[in-house]
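Novice: Below is one structure. I have some questions about it.
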Amino acid sequence: MKAICWHGRQDMRVDSVDDPRIEDPRDVIIRVTSTAICGSDLHLYDFFVPFMKPGDVVGHEPMGIVEEVGSEVRRLRKGDRVVVPFTISCGECFFCRKQLFSCCDTTNPEPKRKVAEKMMGHSPAGLFGYSHLLGGFPGGQAEYLRVPHADVGCLKIESDLADEQVLFLSDIFPTGYMGAENAEIEDGDTVAVWGCGPVGQFCIQSAWMFGAGRVIAIDRVPERLAMARDKGRAETIDFSKQDVYETLQEMTEGRGPDRCIDAVGAEAHGWGAFDAVLDNIKASVNLTTDRAHALRQAIYCCRKGGTVSIPGVYVGYPDKIPMGAVMNKALTLKSGQTHVQKYHHELLKRIEAGDIDPSFVITHRLPLEQGPEAYRTFRDKKDGCIKVVLKP
Ligand code: NAD
Ligand code: ZN
């Protein structure tokens with residue numbers, strides 16, 4: 001089959017690889033009908049995530065039709081239409097039973113599990129197409145995908161909603177929703193969202209669902225800021241033109257936003273800020289694993305007693321996180337890879353009810369073969385690119 005494979009920094013290629021096969025009786029194989037490129041894939045593309053091997057199949061936002069069913073799968077049949085969460089979870093361990101699906105204790109196998117434990121204390125769940133540190137599972141930017149623990153993961157779509165309306169239940173809609181839930185929004189709160197990429201857009205949408213009184217979105221890409229205003233009813237700050245801290249102070253009577261969401265993650269830009277310049281230099285010589293300017297700024301701007309929610313992905317050991325501010329301002333920090341299986345049923349109901357149509361973020365629809373160019377366009381934010389959907 002054809003699949004998008006990682007070959008090194010900014011080098012994705014469409015390769016011919018072996019078709020996946022059932023390896024465990026709880027697996028299904030799906031024929032992928034739609035699959036998206038995520039901001040998290042850019043951390044692979046830019047080689048911020050270690051333990052990638054040339055030839056690894058990437059992608060973790062797929063959906064499709066069940067083609068083959070393992071002998072112990074109970075909920076699914078050949079021909080079912082399913083959306084696949086990026087988190088691979090067993091549904092049975094201590095963490096899955098608490099609905100902490102991205103913390104599943106059983107799906108990240110040896111040999112790299114030990115490395116994950118060394119880096120993080122404990123190993124998180126395996127993820128599709130997201131390095132050998134997180135299981136080395138072939139990803140979903142491909143014609144076919146093996147889905148382990150299919151009964152726990154696959155979300156069946158039984159209505160005639162288009163792929164584009166449900167595809168983002170695989171990741172970015174639940175991610176924005178959990179980002180807003182983690183922000184502990186109280187009625188009428190002012191919520192500031194760093195990053196107006198696809199995840200930021202769903203944080204904005206979800207902040208309103210949790211009762212925000214005001215949403216302020218921060219980015220520098222004009223069309224992303226425009227989407228935050230037009231589709232997200234947010235006020236916006238362009239960090240390349242305005243001082244973020246001063247502007248937020250002015251907008252909140254000197255208190256700062258009640259809730260701050262970092263939807264930027266490890267590759268933040270700092271527009272000349274001293275800490276961001278240092279991050280760039282350190283990252284270029286491997287002295288830091290992440291560029292954490294947006295996180296620092298969210299902590300700095302947040303009002304006393306507020307919450308900083310961090311859906312943005314960090315990889316390792318970002319420098320100079322202002323823990324003094326976290327402690328002395330009595331902030332709460334919450335984060336995590338999304339527990340997709342906890343949210344996707346409820347969010348599907350919202351889509352079916354017509355409360356939201358997640359396809360509003362899509363700017364590019366392309367065949368799988370054009371994936372490598374699409375990575376570049378998305379990374380460089382060229383051609384108005386906000387979200388790419390690939391059709392195998
Ligand atoms: P994206 O790269 O399209 O968007 C990031 C946006 O942040 C860009 O628009 C960029 O201009 C903006 N930005 C950069 N520096 C900034 C700064 N200093 N202040 C404000 N904005 C800044 O990516 P995305 O798909 O929207 O994903 C965003 C983050 O969410 C990534 O880190 C991704 O890995 C992460 N993510 C996390 C999960 C999860 O499970 N927690 C799931 C999906 C994605
Ligand atoms: Zn993703």
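The values are calculated or read from the model by the stated rules, or taken from the named source; none is laboratory data. Keep in mind the model is a prediction, meaning the values are calculated, not measured. All Cβ positions, even for glycine, are placed from backbone atoms using ideal geometry, and neighbour counts span all protein chains on display. All accessible areas refer to the heavy atoms of the entire protein, side chains included, with ligands and DNA or RNA removed. Shrake-Rupley method; radii C 1.70, N 1.55, O 1.52, S 1.80 Å.
Novice: Calculate, in nm to one decimal, what M209 and E246 gain on full extension: separation in residues at 0.36 nm each, minus their alpha carbon distance.
Specialist: 10.6 nm
Novice: When only DSSP loop residues count, what GluC sites (Glu not before Pro) in segment 130-193 have their Cβ near at most 14 other Cβ atoms within 10 Å?
Specialist: E158, E186
Novice: How high is the FRET efficiency from K304 to R74, r the C-beta distance, R0 41 Å, rounded to 0.05?
Specialist: For R0 = 41 Å, the calculated efficiency reads 0.20.
Novice: I would also like to ask the following. Could you check how much of the accessible area of the chain is carbon and sulfur, as a whole percent, using a 1.4 Å probe?
Specialist: Solvent-exposed carbon and sulfur of the chain make up 50 percent of the total.
Novice: Accessible surface of D24 in the full protein assembly, 1.4 angstrom probe, to the nearest 10 Å²?
Specialist: Using a 1.4 Å probe on the heavy atoms, I get roughly 40 Å².
Novice: Considering the dipole of the chain built from charges on the beta carbon (Lys and Arg +1, Asp and Glu -1) around the Cα centre, which of I30, W194, F47 is farthest to its positive end?
Specialist: Result: F47, furthest along the dipole toward the positive end.
Novice: Evaluate E = 1/(1 + (r/R0)^6) for M120 and K334, where r is the Cβ-Cβ distance and R0 equals 22 Å; express this FRET efficiency to the nearest 0.05.
Specialist: According to the calculation, E is roughly 0.85.
Novice: If you average 1/r over every pair of different alpha-carbon atoms in segment 47-102 and take one over that average, what Kirkwood value in Å do you get?
Specialist: 14.2 Å
Novice: Placing +1 at every Lys and Arg Cβ and -1 at every Asp and Glu Cβ, with all other atoms neutral, what dipole size does segment 297-392 have around its Cα centre, in debye to the nearest 20?
Specialist: In total the dipole reaches around 380 debye.
Novice: Follow-up question, since we're still on this one. Rounded to the nearest 5, what % of the DSSP beta bridges within the chain are antiparallel ones?
Specialist: That works out to approximately 55 percent antiparallel.
Novice: Return the subset of K2/K391; K78/K387; K53/K98; K2/K114; K53/K156; K156/K342 for which the Cα-Cα distance in this structure is over 22 Å, preserving the input order.
Specialist: K78/K387; K53/K98; K2/K114; K53/K156, as the Cα separations exceed 22 Å there.
Novice: Any chance you could tell me what percent of the C-alpha pair distances in segment 1-131 go past 26 Å?
Specialist: The answer is 26 percent, as a whole percent.
Novice: Under a straight-distance cross-link criterion of Cα-Cα below 20 Å, which lysines are reachable from K329, leaving out those fewer than 8 residues away in the same chain?
Specialist: K329 reaches K304, K320.
Novice: Relative contact order for segment 1-111: what is it in percent, counting Cα pairs under 8 Å that are at least 6 residues apart?
Specialist: Across segment 1-111, relative contact order equals 23 percent.
Novice: Please compute the modelled spin-label separation between V285 and Q10, points set 7 Å along Cα→Cβ, answer in nm with one decimal.
Specialist: 2.2 nm
Novice: What is the calculated FRET efficiency for D19 to K156, with r their C-beta to C-beta distance and R₀ = 41 Å, to the nearest 0.05?
Specialist: That pair, D19 with K156, gives E of 0.95.
Novice: Please give the charge dipole size of the chain, origin at the Cα centre, charges +1 on K and R Cβ atoms and -1 on D and E Cβ atoms. Round to the nearest 20 debye.
Specialist: The calculation lands at about 480 debye.
Novice: How much length would be gained if the chain were fully extended between L366 and A226, taking 0.36 nm per residue of separation minus their Cα-Cα distance, in nm to one decimal?
Specialist: The L366-A226 span can extend by a further 48.1 nm.
Novice: Moving on. Pick out, from I218, F360, L169, the residue whose Cα sits farthest towards the positive end of the charge dipole of the chain, with +1 on the Cβ of Lys and Arg and -1 on the Cβ of Asp and Glu.
Specialist: Checking the options against the dipole of the chain, the answer is I218.
Novice: Keeping all protein chains in place and using 1.4 angstrom, which order do E61, E246 fall into by accessible surface area, from largest down?
Specialist: From most accessible down to least: E246, E61.
Novice: Another question, if that's okay. For the chain, what's the relative contact order in percent, using C-alpha pairs closer than 8 Å and at least 6 residues apart?
Specialist: Contact order relative to length: 18 percent.
Novice: Taking every Cα atom in segment 62-135, find the radius of gyration and the maximum pairwise distance Dmax, and write them in Å.
Specialist: Here Rg and the maximum Cα pair distance are 13.9, 42 Å.
Novice: Something else now. Using the Cα centre of segment 1-100 as the reference point, and only Cβ charges (+1 on K/R, -1 on D/E), how large is the resulting charge dipole? Debye, rounded to the nearest 20.
Specialist: 360 debye
Novice: Over the Cα atoms of segment 245-303, how large are the radius of gyration and the largest Cα-Cα distance (Dmax), in Å?
Specialist: Every Cα atom of segment 245-303 included, Rg and Dmax give 12.9, 41 Å.
Novice: Sticking with this one: Using a ≥ b ≥ c from the Cα gyration tensor of the chain (square roots of the eigenvalues), is it rounded, prolate or oblate, where a/c under 1.5 gives rounded and otherwise the larger of a/b and b/c decides, a/b for prolate?
Specialist: prolate
Novice: How high is the relative contact order of segment 231-314? Use alpha-carbon pairs under 8 Å, at least six apart in sequence, and give a whole percent.
Specialist: Averaging sequence separation for qualifying contacts and normalising by length gives 39 percent for segment 231-314.
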